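The values are calculated or read from the model by the stated rules, or taken from the named source; none is laboratory data. Every value quoted in this text rests on a predicted model; they were computed, and no experiment measured them. Note that each Cβ is placed from the backbone with ideal geometry, even for glycine, and that neighbours are counted across all protein chains shown. Note: accessible area is taken over every heavy atom of the protein model, side chains too, but ligands, DNA and RNA are not part of it. Shrake-Rupley method; radii C 1.70, N 1.55, O 1.52, S 1.80 Å.
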Amino acid sequence: MRKTLIAGNWKMHGSKASIEALLNGIKQQLDAAWTSDLLVCPPSLYMDGVSQQLSDTPITVGAQNMSEQEQGAFTGEISGDMLQDFGVDYVLVGHSERRSLYHESNELVARKFAKALEQGLKPILCIGETLEERENGSTMDVVKQQVDAVIDFYGDRSTGLNKLAQGVIAYEPVWAIGTGVTASPEQAQEVHASIRRYLAETKQTVADTIQILYGGSMKAANAEQLLAQQDIDGGLIGGASLKADEFIAICKIAG
Ligand code: PEP
C-alpha cells in the first residue's frame, strides 16, 4: 500500500508576512485524522523559519533544488548537507523550470538525485514532456530517458532501480505546469501506469512501491478525480499551494 504525499512547491513566491499568513491559514485547518504525508517547499531563504513555524504540525519541509556538489567554491549554491543541517527532509530535483530555464540536463539531475540520497535527503525526481513532445507521440520516450538517467548513474540497472525507489517520482507534464491546463485524470493515469510497467520490466517490487505524484495545475476542483486514479499517489502543487484554503482542500481530499 503506497502512502499519499501532498507537496506544495511555492517556487519564488512569498515574503515573511505572506508566508506567516499562509502558514497560519494552513495550521488552523489541519486535521489530525489525515494520514497522508504533507510537505511544503518554500524558497530556501525561508525554509528554516517555515520549519520552526511548522514544528508542532505533521507538515515537513523540502527544498526546491540543491547542488550536485558536496561543498566548495560554488557561489550561490546550497548543498544537501546544508539542507540536512536545517532539518529539511525532501528536495525537488529536475523541476521543469530548472530543466528549461537553467538548462539542467538529465545527467545533472541524476547527479543531484544521487547526491541527495547520499546526504540523507529524499529526492523528488520531476519528469515530464513538453506539449510538442506529447503531440509528436514521444511522451514515454522522454519520461523513460529522464528516469533512465537516474538508474544508469548507478551503473547496473538493479542497483539503479533500488536507488530510484528511495526517492519519489513526480510526473509533471510541462504543458500543464502553471498554465491552468491540467492533464485529464485518464491522461495522467496512463503515463503513471506506463512508468510502473517500465520499472516492472526490471523490478516489480520497485514498480509496486515507488510513489508517483502528479503535478500540473492541480487544485481543489480537480484533485479528487486525479487522486482517485490507481497509480497516482499524491500531488506536487504549485499555484494552489500558495492559498491556504486550496491547499487544505487538497489535503482533505487526500485524507
Ligand atoms: C509545479 O510547480 O510543480 C506545479 C505543478 O505548478 P502548478 O501547480 O502551478 O501547475
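Step through the residues of segment 52-57 one at a time and calculate ³J(HN,Hα) from phi using the Karplus curve (6.51 cos²θ - 1.76 cosθ + 1.60, θ = phi - 60°), rounding each to whole Hz and writing x for Gly and Pro.
3J(HN,Hα) across segment 52-57, in whole Hz: 5, 5, 9, 4, 9, 10.
Past the 25 Å Cα-Cα mark, which pairs from K144/K219; K122/K203; K122/K144; K3/K27; K11/K115? Intermediate values should be presented prior to the final figure.
Numbers: K144/K219 27 Å; K122/K203 20 Å; K122/K144 21 Å; K3/K27 22 Å; K11/K115 22 Å.
Pairs exceeding 25 Å: K144/K219.
Give me the number: length gained by fully extending S184 to E70, i.e. 0.36 nm times residue separation minus the C-alpha to C-alpha distance, one decimal in nm.
Details: separation 114, 0.36 × 114 = 41.04 nm, distance 3.99 nm.
Between S184 and E70, full extension yields an extra 37.0 nm.
About the Cα centre of segment 1-85, what is the dipole size in debye to 20, counting +1 per Lys and Arg Cβ and -1 per Asp and Glu Cβ, all else neutral? Walk me through the numbers before you get to the answer.
Working: 5 positive and 10 negative charges, 84 e Å.
It works out to roughly 400 debye.
Among L226, N136, T182, whose Cα sits farthest toward the positive end of the charge dipole of the chain (+1 at Cβ of Lys/Arg, -1 at Cβ of Asp/Glu, about the Cα centre)?
Farthest along the dipole direction, towards plus: L226.
Summarise the accessible area of segment 5-254 (1.4 Å probe, protein heavy atoms) by the percent that is carbon and sulfur.
Details: 5440 of 11130 Å².
The value for segment 5-254 is 49 percent carbon and sulfur by accessible area.
Using just the Cα positions, wrap the chain in a convex hull and report its mean projected area in square nanometres, one decimal place. Please report the intermediate quantities before stating the final value.
On the way: hull surface 51.4 nm².
One quarter of the hull surface, i.e. the mean projection, equals 12.9 nm².
Could you tell me the center-to-center distance, by alpha carbons, between segment 1-71 and segment 133-150 in angstrom?
Taking the Cα centre of segment 133-150 as reference, the centre of segment 1-71 is 30 Å away.
State in Å² the accessible area per residue of the chain; use a 1.4 Å probe, count heavy atoms of protein chains only, and round to the nearest integer. Walk me through the numbers on the way to the answer.
On the way: 11580 Å² over 255 residues.
For the chain, the per-residue accessible area is 45 Å².
Convex hull over the alpha-carbon atoms of segment 16-74: what's its volume per residue in Å³?
Numbers: hull volume 6.0 nm³, N = 59.
For segment 16-74, the hull spanned by Cα atoms encloses 102 Å³ per residue.
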